[in-house]
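One structure is given below, encoded as structure tokens.
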């Protein structure tokens with residue numbers, strides 16, 4: 001998945017969770033939804049930053065290594081998030 005697609009995915013997930021948070025009347029549910037929305041907007045910001053760096057300094061070998069490391073870290077965060085979601089589903 002390229003960075004532009006990841007940015008788009010994060011944006012749609014952020015919008016979904018933000019809308020759910022604003023639509024609910026239960027404060028605990030709104031808090032849970034906002035935490036998820038913040039996760040997605042933070043992830044989107046990171047992907048936008050990586051995309052900008054890739055476009056401007058993508059030819060430098062050191063920068064390429066750092067980009068790969070950053071993408072790996074973001075992938076780990078996504079895997080942790082997926083694990084949390086699975087745990088939530090198993091608890092319900």
Which residue, 15, 44, 55, tops the fluctuation ranking in a GNM of the chain built on C-alpha contacts under 10 Å? 55
Cα axis of helix 61-91 to longest principal axis of the chain: angle in degrees, 0 to 90, nearest 10? 20 degrees
Mean residue ellipticity (222 nm) of the chain, computed from DSSP H runs ≥ 4 via -39,500 (n - 2.57), nearest 500: -32500 deg cm²/dmol
Principal-axis tilt of helix 27-57 within the chain, Cα atoms, nearest 10 degrees: 10 degrees
Below 8 Å between Cα atoms, with a sequence gap of 6+, how large is the relative contact order for the chain in percent? 26 percent
When the expected Rg is taken as 2.2 N^0.38 Å, what fraction or multiple of it is the alpha-carbon Rg of the chain? 1.27
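Laboratory data are not the source of any read-out in this text; all were calculated from the coordinates shown. Please read these numbers as outputs of a predicted model, since none were measured by experiment.
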